[in-house]
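Heads up: the structure comes next, in structure tokens.
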Amino acid sequence: MNEAVKQLKGSPARDYFKYMHKQKMSKQNYALDVDLELVEKYPIPFIVARLDYKQSGEGLGITFTEALSYQYIAGIPTPLRIPVFIVEGSSFSPEIDEKEHRFNVYELISADYKPNPPTWNKQCVLRDATWTGLADWENKLRAKRKLEINRGDATLLARFLWERLGRSTCDEIQAEWVKLDQKRMQGKQ
């Protein structure tokens, strides 16, 4: 990630757009504000996971749109599925020294948008982590997901991407798959 992108913070204009969207659109026009998606760029671009941030004390309940979206993307078969994690921050704010920031991370197992309020099942995968602990967890998650993608059905993934991205992009991605498979086979010898 280049330094200019790394320095970006939330945009007041983007927040205002989301606010105005809620004000000006029909109350039937539901939308979801995605907090953060982890993405890999090399050697094969893919979405690692979706992270949703919740502040401790606000509760870990989920909205209709969150439950619908989470269940949908987490229910896609591997290797295309995108795992969903809820990051709960405690002792976290710009006013608190970052050494004091703490996080719990929960993996979404399932969600049901039909009841009011929606329900979900989650499993705690990280408790009381500092930024260092959170970074270690994220790096392990990225490595695990790379293995899942690498072991996945390349034909299924290539067909899916061809439909979404077009042939030339898929040809490039398939070439990367071949290189990865060759490296994997060399490592087994």
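The sole residue among Asn150, Asn139 that is modelled with pLDDT under 75, within 19 Å of the chain's Cα centre (by Cα) and either assigned to a helix (DSSP H, G or I) or surrounded by 13 or more Cβ atoms within 10 Å (Cβ to Cβ) (or both) is Asn150. Considering (1) out of contact with any helix residue (DSSP H, G or I) (no Cβ under 7 Å at 6 or more places or on another chain); (2) surrounded by fewer than 18 Cβ atoms within 10 Å (Cβ to Cβ); (3) at pLDDT 85 or above, the lone condition that Ile96 does not fulfil carries the number (3). Within the range 87-128, the set of residues being touching a Lys or Arg at 6+ places or on another chain (Cβ under 7 Å), of a type outside the set (Ser, Thr, Tyr) and more than 17 Å from Leu36 (Cβ to Cβ) comprises Ile109, Asp128. Residue pairs whose Cβ atoms lie under 7 Å apart, sitting 6 or more positions apart in sequence or on different chains, and linking a residue in the range 70-99 that is over 21 Å from Lys146 (Cα atoms) to a partner that is surrounded by fewer than 17 Cβ atoms within 10 Å (Cβ to Cβ) and of a type in the set (D, E, K, R), are Ser91/Glu100.
Listed conditions (1) surrounded by 15 or more Cβ atoms within 10 Å (Cβ to Cβ); (2) within 30 Å of Gln28 (Cα to Cα) are all met by Pro117, apart from (1).
Tell me the residue from Arg102, Arg81 that is of a type in the set (Lys, Arg) and over 15 Å from the mean Cα position of the chain (by Cα), please. The unique qualifying residue is Arg102. The sole residue among Ile44, Ile62 that is in contact (Cβ under 8 Å) with a residue 60 or more places away in the chain, crowded, with 18+ Cβ neighbours inside 10 Å and in a loop (DSSP other than H, G, I, E, B) is Ile44.
The values are calculated or read from the model by the stated rules, or taken from the named source; none is laboratory data. The structure presented is a predicted model; accordingly, all values stated were derived computationally and were not measured. Backbone-built Cβ (ideal geometry, glycine too); neighbour counts: all protein chains shown.
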